[in-house]
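Enquirer: Below is a structure I'd like to ask you about.
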Amino acid sequence: MKKYLLTLAALTVALCACAQTFTEKWNDFHKRTEFFDSNGRLTGYKKWNDFHKRMEFFDANGKLLRTEKHNDFYDRTETRDSKGNLESTRAHNNFYDREDIKDASGRLIGYKKWNDFYKRYDVFDASGRLEGYYKWNDFHNRWEYHKK
């Protein structure tokens, strides 16, 4: 019995350690991408605003959280809060073949890079430590983010 409980406890810890943090899935009816936590609850969604030519992010109650828009002059994507203040930028770094993420002051805060071996996007902090990764789930037809 003790061996059974230890095996069950080890299995539970292993499943919790590698559990996904959130899932994003396209909702064809509402024409938006929805974000779900690991329990399957809707936490927010993003939707394209054709008038402003930008992606808008909302919480589960429909409150605008932030927007993303491509800046053609600087060739980067800018993320702004609900009041329009610049939060961060994303731009492709050809030298390192990755997408750099910088804060409003221009300091590198992280980057995203394709991992060809695992077929996923690895997400790193500014020091180069792996924070998590995005992996496509063919069975559920969605992107899943796994936090390390």
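The values are calculated or read from the model by the stated rules, or taken from the named source; none is laboratory data. Here the structure is a predicted model, which is why all the values come from computation and not from measurement. Virtual Cβ from ideal backbone geometry, glycine too; neighbours counted across all protein chains shown. Heads up: the accessible areas ignore ligands, DNA and RNA and are worked out on the full protein's heavy atoms, side chains in. Shrake-Rupley method; radii C 1.70, N 1.55, O 1.52, S 1.80 Å.
Enquirer: Please note which strands (runs of 3 or more DSSP E) are completely contained in the stretch 31-111 and include at least 1 residues that are at pLDDT 95 or above, of a type in the set (Ser, Thr, Tyr) and open to solvent by less than 40 Å² (accessible area, probe 1.4 Å). Explain how you work it out, then say what you get.
Expert: Working: elements: 32-37, 42-49, 54-59, 64-71, 76-81, 86-93, 98-103.
Output list reads 32-37, 42-49, 64-71, 76-81, 86-93.
Enquirer: So which residues in the stretch 9-30 are modelled with pLDDT of 50 or more, within 17 Å of ASN137 (Cα to Cα) and either of a type in the set (D, E, K, R) or part of a loop (DSSP other than H, G, I, E, B) (or both), if there are any at all?
Expert: ALA19, GLN20, THR21, GLU24, LYS25
Enquirer: I'm trying to understand the selection: among the residues of the stretch 49-93, which are of a type in the set (S, T, N, Q) and more than 17 Å from PHE124 (Cα to Cα)? Outline the logic, then answer.
Expert: As a first pass, look at the stretch 49-93 and keep what is of a type in the set (S, T, N, Q): 49, 61, 67, 71, 77, 79, 82, 85, 88-89, 93.
Of everything in the stretch 49-93, those that are of a type in the set (S, T, N, Q) and more than 17 Å from PHE124 (Cα to Cα) turn out to be ASN49, ASN61, THR67, ASN71, THR77, THR79, SER82, ASN85.
Enquirer: Got at least one residue in the stretch 126-140 being under 17 Å from ASN93 (Cβ atoms), part of a strand (DSSP E or B) and of a type in the set (A, V, I, L, M, F, W, C)?
Expert: no
Enquirer: Follow-up. Of (1) open to solvent by 90 Å² or more (accessible area, probe 1.4 Å); (2) at pLDDT below 95, TRP114 satisfies all except one. Which?
Expert: Single failed check for TRP114: (2).
Enquirer: On the given criteria, is TRP143 more than 19 Å from THR21 (Cβ to Cβ), open to solvent by 70 Å² or more (accessible area, probe 1.4 Å) and touching a Phe, Trp or Tyr at 6+ places or on another chain (Cβ under 7 Å)?
Expert: no
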